[in-house]
Each structure stands twice: as structure tokens, then as C-alpha cells.
Amino acid sequence: MTLTNTRKAQFVSSGLGRHFTSPRKARDKKKTQTLVKFPAAELRRRHLLVQMQRLMNPTPSQIQCSPSTVPCGPSGEADDMNMADDLDFMDFAGAEVEISEEISSNKPTDSVISSQKRHILPDRSTDTLYAKWCKLIPTLVDPQLKYYARTLGQALEKTHDVISACGTHSCIRKTTNILCLFFDSNLPQVLLHHGLFPTAPSQPRMAVLVDLLSLYRALFECSCDAINALTSALKTHYSRRGFQVTDSRGEIIQEPFRRGLGHAVQWYDVLQVEIEHQVDAALQQNRDHVASLQRSKPPDPEGSTSTLLQHGRCAPLLVQRCPACFGSTLFGRPINQGADIHVATDGNFHHRHRRSAGDCPRFYEPTYFLPKQFVDAVGSRIDAQRKQPAKVHAPLVPDEAIDLCENAYQAADGKKQKAAMDSFDDTGIMALICRHDIPLFFANIDSPGEQQKYSVSLIEHLFTLLPPQATVVTLYDVGCVLARSLSKFEILPRDVLSRLRFVTTAMHAYGHEWACQLVHNPRMCIGLGLSDGEGTERLWSRFVCLIGVECSSSRQRRLWLIDRQATAIGSEMKADLGDWIKRRLKRGIKDQGSAALDTITRCETSVEELQAQWADQRQLQLSIRAHAPARLRKELDTVLALQADLDASDHALQATKTLLENEAASDDTIDVLESLQRGHDRLMTKVEALYSSLNVHDRFPELDGVNLDFVRVLLMARDLKMNIRKRAIASFFEWDKLDRAVGGSQQTLGTKLHQHTRKAIAKRQPALMTAITKFNSYCERLESLYDPTWNIPLPTPLPTKLAELRGDQTLMQDVWITPSMGEVPRWLEDSDIRDGIRALLKHERCLEEQARLGMEAGNLCHFFGEELTALELSLRLPTNARFLVPLQQKHSTFMRLQMRWSNPLASSAQFMSHVEQALDRATVYSEAPRNTAPQLASVTIQDPIEDEPVLPDMDDLVEIEPEQAALADILEGDTAGAGFEEDQDLLSSVCANVVWHTPEVHSHVVMSGHVATRTTSATAPFPCQIFEPRDISFLASPTAFLNDVCINGCAILLQMDISNPTVAIFSTHDLPRIRYNVTDDMLWHNTSWTHYWEKDVWVLPIHRPSNVGHWVLCVIYLSRKELHLFNSLAERKPWRHDVKDIMKLVCRLLIVARHCNKEVHIDLDGWVARPLTIEPLQTNGYDCGVWILAVIIAVLHRQEIMGLREDEMSDLRYYLYARILSIPVD
């Protein structure tokens, strides 16, 4: 028996078995290398030649067809035969054109069509086709201009099937078919003369109505590419009318117009661009002529400062794109005072191009994109410079802060891959815009990350088009990082670098360190006005519809699509410049400036003092000493992490111990547990020793003498706030990702990604909230340990609502860890000063914005006069006769701008004066009569329909913050109770009106200064009060400052002595609990003993930390809705913030009582705050605590204030001292 070598014929073995190798397939012996000739091949070739001859010379019988069908030849195409050669042409909607010819979906196939390999690069036939188009387009300019002149403002011409010269139409009709041969015009020119545009450069089989192409071109400018929708609509429309496009076999073609119409749309647009270039070239000659002939200077918008400026002109390209920015003739403003021009740059990595989509021949010269060779040359120069040693420079911002900014932003990391280069060859675009959001230039991104070469190349190209003395401010997300790179390496010429300044964008300022914001935040920089740099986001929102189309278009068509869309957007925004100035005057200067002035007035501090405080704040917070050493921060982080782990293990041990005690565990188990507890205690002791070994006092000798526990909590609060800031900024970035549809920087998230992002935010939110709560507890602990003699500013608690946290500037400020020299700075201690500084900066920016708007309005007027003069002159010169109609239309459109560009800073009378001057100048320059310029006839259609209802202006609508719309369900999902939303609304809207008039006295009885001596023991429900010898000594001394134990303990003793069931006295720690956002359970635990929900009068002592501290008092009358404010020094300013916190306390207490099933009535509308005294009662610095105890005595006696004098405070102090001594000693 012969064994075969197949698998099933192999022997079976145990284990892994024997290795089997598949046998090699035997060669087919029938195959040879002999050339085979197929029979009848020559006969088939001859048959195909005859068939082609018939197609080239059809007979009249072959031309006739059914009136309802249109045969298109054997190929099934509704286009010319040459179209079949364009195998790699990408249709207008970006879909890939298959190599196999288009066939009917229901057409039977006898054999399987083999798929061919796709061509990434265009082949020779495609190059030939595009070369024919490029050669044809210039020859179509004159026919297009003549057709446009013949049909502009007229009804469309009707094309007749039969051309006849008979006038009576009663003669016997005789039809003659004539073949016309034109020696002076080719077929495309003849078609265009009759309003038809060919779909092929030679031998076209289809032509499209020019007016249809013009309509689609306007539609594309207003929306986006929709050629597939147009072709499908045309096919459906003709089908419903009874017309079907079929092939030679009578079968319906599925897409008869797509390819041909796509060609026509693309090349018709190229023709229009060619006409615009020729018209603009003729107009530019007259612009230069007018500029050279003008002797008079434009009005000087700078007044006396014009002597410091120099005359110059920007390139015509920039002036035409934004005359408000680049139409000036005076340049040289210092960069530290706002510079001449503001631009913004940003990258977008969603405008990609798939590598497999291929490319087509170059058919369009982009006007916005920088050449790739220029960008690559800049990149090579940057790489070469980075290999050189860095220059020594004096940084404006500490490098530690810039490093943190660089780590926070992906844009600062050029090596970070944002797109898969194996799938995409173009990964995005980088834009440069002016401050009016008008696009200036683009750089095509073909690298994985946002490298600095793109922004640098855009800026460098901009400077080549500016006068040599022009200065520029560039707003960029990571402007601080790019500014440091340019100062360290010779990337840009020194002349350019000296006239360039970088700032960050306003919306993304929260991602930068506070020290960086002090220098690069546009709201804190002198001369920036209200420029925010966020116009790129608005530009991306208008480009979002192109993202899907660009991905699968050819590379050249992708650039064409973006460039043409940018042209349309720039033209629209240029016409909107006047409205832009009006909106900025109303919503920017008027609204924001008025609010800033109101805040400065309420601050009650002079502008000079606010400016001095702001300068002091910048100097201190920019110092290197303000940043803790990195080594110490790292060591502290390690100790704190170990401390957190030990706290968690202690919590687990306590929980285990409680569980075992309840279940009566064995003695061995208890011994093991106690051993673990002892080991844990030893570890805690070693951690404390490790913390002490860090030698914090050696690193910070200023902290020597400060309580070690206070220093420990202070440093932990400092590091925890850094962690909170990092987490919060990450959360803010996620908010931006959810809000990408509004910002437009990216495409709208789908449902799955949206939910994934929301879940990620919700997952990280508890950790952030826990960190904030812990930080607030540190603030409370620090206040309890605080000694004013240390002179260390206490940190401010953070809000627990993320929406408020985003706008809280204290989030960006580090915890102060060193004592302040002399007095504590007012900007750090006084919240009114901080509010006043912010308002001062806003007011200064509004004034700067108003000055810049005036300059831009003057630029518009000057440009309007010069451009109108050039247009009038062009219309009068006979050399521009062929461009008469386009110039007339441009003139008519430009004249309408005088109404749109008129604004409060440049009235319509000024524009009218420029019109008169333009006519006079054009008459002089052209030496023609003043009224000989041909005018374009305008057609006006009056609509008899009633006026539509006026819709509200979109600019006046209330803007909703992204987090309010996107995260409402997340932020509210963690709270319990159906009334939480209502409670939060109460807390956010609660307020009281402060009226600086003393309340009316309802009784003429005034308490006398003599207080009887009483000795009573403490009874329930009052909590036990413990007076240490140190506390008693404060009352015994006539000049000692009372502490919180004296205030709280004496208040309870007074309430025990003077019974009043309508009064509830709170602790001095209750208001800080509201400020530190304690939980409702903790608040209820510390206040429920007072039964405040049953009382009508609440007494709230308040401590204001300062150099020495100060005690004040608030008496709350619920039924009267009044707050009586007592301050023995009669100060007014601090009450503004205290009243807000007091009203929050009232609201929180009532809400907590309601949640605990207590009957309360919440009415927080119409509250009024009044002072109990408007004249100072105290002249020393230590009796404020005794004064508020005197007011408490009056309130307990149902009065409002006592009639004591300052010299009688020592008697009251002695009485309270004796009252404490009367308490029995345990």
C-alpha cells in the first residue's frame, strides 16, 4: 500500500504530533511559453473600427430618437468620450470615481468586472485633459464678458430650435440643415456666446446653462459643496417630466450628469476667477496711479502722536482683504502700547485629506495658501537653529510657569501626533486672521503635530507685506511658548522680532499659569483693547461643512474648496465691517465699560490707588520667589501621597475594628488587629518625622517662628490648590470639546462620543469636588490657627460649583506661603480692591478699544475714497472697455457700502464727502467730463407681500455658557432631592439692598450703661463652654483683643442670663462654614441646637481677618426682611461682600431646616440691609469684640443698640470677666 503525503494520510502520534508541511503544487504541464493567437481577433478589430466610424459620422436616421429619451452612446455616459480618460478625477462632492464605467444598477452582467488598482497620482491622459482646460479658459474670457454684458439686468434669452428670418410666419416652411464652420471661434466659445458652458474642452457632448452654474456658484459661497445633490435633483426633475437619459441599448443611466456637471462647475469657477484677476489687475493699475497722484494726506486719527509715526502703505492684497486693519498710512506704534495691527493664528486638524483619495493636476493657484516650499524652508531653518546654543535672554515670565503652560497645551507639542500619517497626507490647516475675523492666509499642515513652522511662516509672510516700521500683536493659544522660542533662537530676523509681540487668546487664558497671564493675557495687556483672538474659532465654525468633502477630494481640489470658501467668507465679512464696529461700540465699549465704571465707583478707591495696587501685584506674582522649588514640591507630594495612603488604611482599620467588636471576635483576632493598629501608629509617627526632615524652615526661613501645624496645613493647601487647578483646567478643556459645535473649532460630537465625554467628566467630577472640599477645609483650619502677628495672607476658599469655578480668578493664584513685608497688600487682603483692579483693567481696555475703533473707522473712510476714485477712473478710461460691465457692477456694489460702513465714528456725511472728492479726482485724472462715466442700470422689484415680522437681532440674544448647556444634567445628577434645582436658584439669586441710613427707633427706651451682676449656672439646651486661662486673661486685660472663645462663650452666657425665646445666637464659625461650602449635615449639626427655625431674630457675630482682626455683628430680622449691620468703626466697604454671604447663610439654613422636615417659610425677595450706626464709636484697636457683645445685650432686651460710650467698655469687660469667674470649677 502506497502512502500519500496528504494530512489525513499521516500517522497519528501523541503530544504535539509531527510537523506537517504542505506539499508543493505540481506545475501545470499544459502551460507553455508559446504565443497564442486568438481566432477572429482581426475581424473583431475591424468591426470595432467600423462601429467607431459610425459614431463619429452618424446618419440622420441614427440621430432621431424618442422624445422622452436621450441616448448617450454605447458608453452609457452623458458626456464626451474624452471624459472616460479622466479615470482619477474626483467628483465635486468628494466621492471617488471608480475606474469602471458607470452602468445601470439593474443592468445584467455576464462576467465579473475585475477591479483595477487605483491611481493615486494622475496619469498622462488626465494631465492632457487638464492641460486642454487650462489652455481653453483664457480664450473664454471675452465670450463670457460679452454674454454677461448682453444679459445683465435682462430676461434670459430663449434658445429657438429653428432659426428663421421670416417676418410674417405665413410662408411655406422649408427646412435646411447646414454645417457651419467657424474659423474665428471654437465650439466652446460659440456655446458660451449662447449662454452654455461645455463639460469638456474639446468635442463636448453636453453643455450646461451659464445661469445655472452662476446660481450654483452663489449657493456654494453661501453654504457648501453640493454637486451630488444638484445632479440627483436634476435627474429626478427630468424623470418626473418624462425625460430619461439612456445608453445605446435603451437602459437608464443612474448618474448621467455627475461627472460632466462636476467638470463644468469646477472650470466655470476657474473662468470666473480668471476674469476677476484680469479686472482686478486693470483696477490695480488705476489704484497705483491714484495713490501716486494724490498729494494731500488723509486725516490724522492719532492727533499729537502722529509725529512719532511714519508714513507707509501695506501691500494691496492686505488692504483689499481688510481695509480697517491695513488701510492706514501711519505706522510705528510701540508694541507695548498695542502696536499697529492685531492678528490671530490657530491650527485645525479636522480639515484632513485621505492619502488614498489621490491627486489631480494643478488647475488653480490658491490666493490664501502659502507655498509648501516656503513653509518647509522655515521649518528647516527652525530645526537648524534649535541645534545651536540658546541665546541668553531676560524672560518676562519665569520659565517654570512657561513649562507648565507648554505641558498643558497640545498645540505647544509639535511632536504630538494628532492625525495618522499612514492614512492622511494633509492633516489640517493653520489660519492667520485679522482682529475682524477676516482670513488673511493659510498654511497647509502636512505633519502629525502643530509644529511652530506653520505659525512662524504665516507671521513671516505677513511682515513681507507690511511697511518696515509696522508693528504687530499676534494672539495665539500658546503665544507664551512661541515667544520664548523666538527669543532663545534666531528664528526670525531681529528687525521683525523687535516689532512683534505675542499674547494668548482670551477664551483659553484659563489654561495658562497665573504668572503667564499677568504678561500674556489680552485682558491684562496695555493697548490690546477688546481683541480676544477667538476669531479663528468662528472661522472654523463656518468651515465645518467642508470637513467631510475635503477628506475624499483630490489634494488640489481640497485647496481649491478651502480657498474659494475663504474668499466668499472674506468678502462677506469685509462688507460687514461697519456693522462690526457698531456691535463692538454697543456690546463692548458701552455695556462692558459702564459695568466696569459702576464697579470702580462701588470700590470707593481712587484710580491711582488701583493702578498702584495692580503694579504691586504684578511685580510680586512675577517674582521667582513666588514659585516654590521643584524639589521641595516633589518631596512634599511624596509625603502627602503617603499621608493619604495612611489615612485610608486608618479608616479601614477603624471600620474593621468596629465590625469585629460587634461580632464578638476571638482574642487572637483582636490581638492581631491591635498589632496592626500599633504598626500604623508607628508609621504615622515616622511620616511626621519625615515631614519634619524636609526642613521647610530652612527652605523658607521667613516661616521660622510660625506654628509648625499652620505651616504644614499651609503647604498642603498650596500643593492641593495646584492639583485642583490642573484638574479644573482639564475639565474646562472637556467642556470645550462638548461645546465644539458652538465654537466651531471641531466637528459636532456624535451621540456616542458625546455620551462618552459626559461619562468621563462625571467620572472625574467627584475627585475634583473632593479636592475642592478638602482645600476649603484647609482654609477653615488655617483661619482657626491663624495669628495676625505672622502677617501671612490666608487663602480664599474656592466655589464648589464648576460654573463659578471657571470664572474665579483666585483659582489661578497660588497660596501665599511667605509672610508679607510690612502690611499685607490690599490687593491680597481686600476683595473690593481685587474687584476694582479687574474693573480698572476692563475700563482701560474699553478706552483702548474706542481709540482703535476710531482709527479703523478712519481707515475705512480713507480706503472708500481711494477705491471709489480708482473705480471711477477705470470706468472712464477707454482701455478698460472690455471690462465695462464687471467694473460697473463692482462700482454699484461698492457704492452700497457707504450705508453699511457708516457708524458713529464715521458718519454718512464723511462718506458722501469722499464720493464727491472721488468724482472730482476721477474727472481731473481722466480729463473727461464729470458725468460721462457709464452707470449700471439697476432693476428693483417691489414685493407686494406684507412685511415679515421683525426677528430679534442674534447679537442681542443672551449667550449661554457652554457648561450651563452641556453639563446641567451632570452637575445636578449627584444631588439628592427634587427641590435641589430650586434651592440652587435661591442661593444664586439671593441678595439684599444695602441702605446707609440707620433704622427707625421703635422705642424711646435706651439701655443704660449699668449692668447688674448675676451668677447663674449653665443649663441645657446651651452647649458647654470651656474658658481656658488664656481666654479669661483677654477679658481681664483692658486692652486685649477678644478671641472667638470669648465672643461665643460670653454670648451664650448673656442669653442664659437674659431670656428671650425669639432670639437665636449663632457662632462666629457659622458664616465661614458657608464661605467654605460645608455640607448640609455639618451645618445642621452645628446650628440645630439653637432652634433657629422657631426664632424671628438671628444674631450673627462675624470676624474679619486682617493685620489685627476686627469683630462686627449682623442682626437678622426674618419677619421684617432686614439686616442690621453693626461695625464700631462704621466702615461701609466690607459689608458688600459680607451681606452676600449672610444672605447665603440665611438661605442655606432655611433650606436645611426644610429638608429636615421643619416648617419654614422662605421669602428672600426685597431684603434690606441697614447700619446700626453711621458714626464711629470706637477709636482704639481692641474694643470691637466688647462692642458687639454690648449690641447682643441690647437685642436680647428687644432693643437695637445700647447707649454706652467708649470709656464704659472697660466696665462691660469687667462684668463679663466676673460672670465667667462665677462659673463653678469642676
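Here the simple spin-label model places points 7 Å from the Cα toward Cβ, and for Arg1120 and Thr796 these points are separated by 3.3 nm. A full extension of the chain between Leu659 and Ala233 corresponds to an added length of 145.8 nm, given 0.36 nm per residue minus the alpha carbon distance. Full extension of the chain between Arg45 and Lys1140 gives 384.6 nm of extra length, using 0.36 nm per residue less the Cα-Cα distance.
What FRET efficiency comes out for the pair Lys1158/Ile1058, r = Cβ-Cβ distance, R0 = 25 Å, nearest 0.05? Here the calculated transfer efficiency is 0.45. Between His194 and Lys686, the FRET efficiency estimated from the beta carbon spacing at R0 = 56 angstrom works out to 0.05. Residue order for Cys405, Cys1156, fewest other beta carbons within 10 angstrom first, comes to Cys1156, Cys405. For the pair Leu396 and Asp668, label points projected 7 Å from Cα toward Cβ lie 7.3 nm apart. Each peptide in 457-470, 1028-1041 was scored by the mean count of other Cβ atoms within 10 Å over its residues; highest first, the order is 457-470, 1028-1041. Taking 0.36 nm per residue of sequence separation and removing the Cα-Cα distance, the Ala595/Leu1221 pair yields an extension gain of 219.8 nm. Residue pairs exceeding 28 angstrom between C-alpha atoms, taken from Lys453/Lys842; Lys146/Lys890; Lys721/Lys1144; Lys721/Lys1140; Lys774/Lys1144: Lys453/Lys842.
Between Lys146 and Asp280, what FRET efficiency follows from the Cβ-Cβ distance if R0 is 25 Å, with the result rounded to 0.05? For Lys146 and Asp280, the calculated efficiency is 0.80. Could you tell me which of the pairs Lys1121/Lys1158; Lys132/Lys574; Lys657/Lys1158 are separated by over 26 angstrom between their Cα atoms in the structure shown? Violating the 26 Å limit, Cα to Cα: Lys132/Lys574; Lys657/Lys1158. Label-to-label distance, Ala1040 versus Asn707, with points set 7 angstrom from Cα along the beta-carbon direction: 1.7 nm. Among Ser907, Ser552, a tally of other beta-carbon atoms within 10 Å of each Cβ gives an order, fewest to most, of Ser907, Ser552.
Give me the log10 of I(q) over I(0) for segment 839-926 at q = 0.13, 0.15, 0.20 Å⁻¹, as the Debye formula computes it from C-alpha points; what are the numbers? The calculated log intensity ratios at q = 0.13, 0.15, 0.20 Å⁻¹ are -0.51, -0.62, -0.90.
Let me test this: with uniform point scatterers at the alpha carbons of segment 496-548, what is the Debye-based log₁₀ I(q)/I(0) at q = 0.12, 0.24, 0.30 1/Å? Per q value, in the given order, log10 I(q)/I(0) is -0.37, -0.92, -1.13. Across segment 339-351, coupling constants 3J(HN,Hα) worked out from phi with the 6.51/-1.76/1.60 Karplus curve, θ = phi - 60°, read 6, 8, 10, 10, 10, 9, 9, 6, x, 9, 9, 9, 8 Hz, and Gly and Pro carry x.
Look at Lys235, Lys391, Lys842, Lys1158 and count the other Cβ atoms within 10 Å of each Cβ; fewest to most, that gives Lys391, Lys1158, Lys842, Lys235. Between segment 510-556 and segment 1165-1226, how many Å separate their Cα centres? A separation of 58 Å, based on Cα centres.
Each reported figure results from applying straightforward, stated rules to the coordinates on display, with no laboratory input. This is a predicted model, so every value here is computed, not measured. Glycine gets a Cβ as well: all are built from the backbone with ideal geometry, and neighbour counts include every protein chain shown.
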